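Inspection log for the structure reproduced underneath, given as structure tokens.
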């Protein structure tokens with residue numbers, strides 16, 4: 001069975017997650033390509049230099065002529081005649097097999113860099129990062145689940161700037177549809193919070209589906225910005241105390257809040273006059 005990482009990369013290539021996987025992912029993809037390019041170029045240089053040294057020994061030519069000969073063979077130009085000695089012929093075969101294969105793999109890697117969209121993704125992520133760097137007094141929404149999406153809608157309606165932080169690949173499409181500024185990563189990581197502009201942010205809303213992640217995000221945010229306001233979401237009663245100890249200024253429980261609201265509506269209906277709720281009869 002293919003690994004989760006392989007499946008995720010295939011889905012990203014096929015566009016199943018939408019464009020713009022975030023600055024962190026874009027940088028990771030670019031570094032992967034750069035490492036591969038450096039490895040291939042290094043192997044090609046070693047092969048050409050080694051082939052030139054072998055031709056120098058077997059064909060009794062100058063090193064410069066052997067270098068040109070080696071490059072001519074790897075590039076499949078064929079402008080230099082075939083070697084006369086057995087050692088030179090074996091060297092040419094090795095250069096043709098490994099050199100042409102390495103050159104082909106190098107060209108495929110360069111093509112993939114542009115066709116697969118990693119370079120475009122990095123440029124888009126950098127543009128988004130510049131937009132985030134220009135924000136001041138904005139809000140950080142940690143988590144883009146049902147609660148986080150509703151918060152984003154409310155803040156957008158209020159025309160308040162905000163940045164979403166989420167590491168779930170399944171929400172990328174929703175982020176793209178809403179066209180919101182976002183950072184891919186865990187809100188508990190300092191570098192992710194800094195990329196989201198925590199130094200200039202007004203408040204942080206920790207609404208991740210996991211209470212433990214909300215606690216870690218609150219701890220990290222409080223350590224980086226002791227003066228920032230933090231509003232956290234808690235699904236369990238025990239998490240409320242832990243979030244407050246971690247540094248949350250306000251803790252909201254969606255289940256408790258919705259339950260209290262429903263009970264209040266029910267009690268209001270009971271307090272209403274009986275005649276106002278009974279249908280009129282002829």
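The values are calculated or read from the model by the stated rules, or taken from the named source; none is laboratory data. The model shown is predicted, which means the values in this text are computed figures rather than measured ones. So basically every Cβ, Gly included, is an ideal-geometry build from the backbone, and we count neighbours across all protein chains shown.
Filtering the stretch 155-175 to residues that are crowded, with 22+ Cβ neighbours inside 10 Å and farther than 19 Å from residue 139 by Cβ leaves only 172.
Specify which of the listed residues (186, 172, 241, 194) is without any contact (Cβ under 8 Å) to a residue 40 or more places away in the chain, over 27 Å from residue 256 (Cβ atoms) and assigned by TED's automatic domain parsing to the domain that holds residue 258. Lay out the reasoning, then the answer.
On the way: 186 fails: over 27 Å from residue 256 (Cβ atoms); 172 fails: without any contact (Cβ under 8 Å) to a residue 40 or more places away in the chain; 241 fails: over 27 Å from residue 256 (Cβ atoms).
Of the residues listed, the single one that is without any contact (Cβ under 8 Å) to a residue 40 or more places away in the chain, over 27 Å from residue 256 (Cβ atoms) and assigned by TED's automatic domain parsing to the domain that holds residue 258 is 194.
The helices (runs of 4 or more DSSP H) found wholly in the stretch 1-111 and carrying at least 1 residues that are at pLDDT 85 or above, in contact with a helix residue (DSSP H, G or I) (Cβ under 8 Å, 6 or more places away or on another chain) and not assigned by TED's automatic domain parsing to the domain that holds residue 167 occupy 23-59, 63-74, 86-94. Report those strands (runs of 3 or more DSSP E) wholly inside the stretch 138-242 carrying at least 2 residues which are modelled with pLDDT under 90 and under 26 Å from residue 127 (Cα atoms). In the stretch 138-242, 182-184 are the strands (runs of 3 or more DSSP E) which contain 2 or more residues that are modelled with pLDDT under 90 and under 26 Å from residue 127 (Cα atoms).
Looking at residue 181, is it within 18 Å of residue 250 (Cα to Cα) and crowded, with 17+ Cβ neighbours inside 10 Å? So residue 181 does not fit the description; no.
Taking the criterion of being closer than 17 Å to residue 98 by Cβ, in contact (Cβ under 8 Å) with a residue 60 or more places away in the chain and surrounded by 17 or more Cβ atoms within 10 Å (Cβ to Cβ), the residues of the stretch 32-87 that qualify are 40, 44.
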